Structure formats: structure tokens, C-alpha cells
Amino acid sequence: MNENILLVDDEKEIADLIEVYLKNDGYRVYKFYNGKDALKCIEGTKLDLAVLDVMLPDIDGFHICQKIREKHFYPIIMLTAKVEDADKIMGLTIGADDYITKPFNPLEVVARVKTQLRRYVRYNNQTPAGAEEAAPAEYDIRGLVINKDTHKCFLYGKPVTLTPLEFSILWYLCENKGRVISSEELFEQVWGEKFIDNNNTVMAHIGRLREKLKEPARKPKFIKTVWGVGYTIE
């Protein structure tokens, strides 16, 4: 295992407890109680996942999340004492992959870390030779090109930088081109977890994808919303 985990939380007791649980599972933990030191670590350390508290004494977790996404695509889990949907949507929109609301069981954090790392590895590894030979490795939809083997996406010849989750969402929609995919199906296929009602995770990631594809809000060219049903790429 030995993956490198960034852990940032100004509540020392919580950070120390999560660190113990993560280390017991074989992870290397880089723990910080403030955002400034965490940003230095991000610049000089190869990390595999970040666990960020939203409320920090100097720099909030949203800012750290944005700085990570400028250069890196490893999973980010946000920790927060807030329960408002707006805060969750904001975090997911700027690039977070998951959200955990305090108070929580440390075992839940470890479980979420494992889930995100498995997903990250799965969507960044190339398909083994001979596997799924009948399935196409690339789709070209009116200038939007996505390749599963190289894990690259281009829009009219220009590269589009996607996180592993964004890539897997777009790939699943392309793979099912012409079919309307419900939020429930998309979540369960991409996240690999049971969909819960009022889950805004899919909507937030679709919004982020549309921004990167320079999609007009009212008349998107690629990812279209079928109100009350789901999303489709035609």
C-alpha cells in the first residue's frame, strides 16, 4: 500500500485520530494543522490523496483544493462541520471528489480513502492487453475526443484537463451515447456506491465538466439534460 495521504485539520484531536487509523492501514500520512504548511507539502511531495478540513485558521480548504487542482488530479476528500448543500456543491464544483460531515467515525474516513484510491487507480491504468477487445478505446463526438487508453480528452484539437472522476463520467456518457443516463445510474456506475436521494454530487460534477467543455448553460452542445430523467450525449 504505502500511498501518501495529505491530512489537514486544525482540530488537533481529530487530525491525530485520523492519522492513527490511516497509519494502521499502512498509509504514509503528511499531517498539518494549517493551510500554509499544507501548501508547502503539496509543492514538494508526491501525494496520492488529500483529506482537507474546510475551516482552517489561515487558508480555507476550498482554496487548498483549488491549488491542488491547478496541477494535480489525485482524489480530494473534504471534511466539514457544515451540512448545507451549497457548501458541498461548492467543494465538488472546484474539484473535490467526496465530502464527509463532522462528527464522523474515523473508520468512515479510512473507508472513503480506500474507495477513492481504488477508483483513482482504476481510471488511470490502461486497459490490459486483450481485455474488452470489442469495446472502442476512443470516441469522437463532433470534435470532442476522449481516449480510454491514454486517458486524454481533446476539444477541437485542444487538450481538456479532467480529473479521474470527470473523465469516468464523460467516458460513461460517451459509452452510452444516445441513451439518457439517470443520476442514480451514473453515480452507481462511476462512484460504485448506492445512490441516495437528494445527492447533488452528480449535478456538481456535470456542471464542472460543462465548464471545461465550454458548454453554454442554456444550450449545451455535448452533455444535455433531459429534465426529470438524467443526462445524455447524442
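Some values worked out for this structure:
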item: Filtered residues of the stretch 113-132 (kept if surrounded by 11 or more Cβ atoms within 10 Å (Cβ to Cβ) and either modelled with pLDDT under 60 or over 17 Å from Ser168 (Cβ atoms) (or both)); result: Val113, Lys114, Gln126, Thr127
item: Filter result for Val83 (of a type outside the set (Asp, Glu), farther than 27 Å from Glu175 by Cβ and modelled with pLDDT of 90 or more); result: no
item: Condition broken by Pro57, with the remaining ones in (1) part of a loop (DSSP other than H, G, I, E, B); (2) open to solvent by less than 20 Å² (accessible area, probe 1.4 Å); (3) more than 21 Å from Tyr120 (Cα to Cα) satisfied; result: (2)
item: Flag if Phe104 is open to solvent by less than 70 Å² (accessible area, probe 1.4 Å) and at pLDDT 90 or above; result: no
item: One residue from Ile146, Ile169, Ile181, Ile141 being more than 29 Å from Val113 (Cα to Cα), open to solvent by less than 30 Å² (accessible area, probe 1.4 Å) and of a type in the set (A, V, I, L, M, F, W, C); result: Ile141
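This table checks each residue for (1) under 26 Å from Glu166 (Cβ atoms); (2) among the polar types (S, T, N, Q); (3) touching a Pro at 6+ places or on another chain (Cβ under 8 Å); (4) modelled with pLDDT of 95 or more.
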position	(1), (2), (3), (4)
Asp16	no, no, no, yes
Asp25	no, no, no, no
Thr45	yes, yes, no, no
Val51	yes, no, no, yes
Phe62	yes, no, no, no
Lys71	yes, no, no, no
Pro75	yes, no, yes, no
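The values are calculated or read from the model by the stated rules, or taken from the named source; none is laboratory data. Keep in mind that this is a model prediction, so the values were computed, not measured. We place every Cβ from the backbone using ideal geometry, glycine too, and count neighbours over all the protein chains shown. Please note that ligands, DNA and RNA were not included when accessible areas were found on the heavy atoms of the full protein model with its side chains. Shrake-Rupley method; radii C 1.70, N 1.55, O 1.52, S 1.80 Å.
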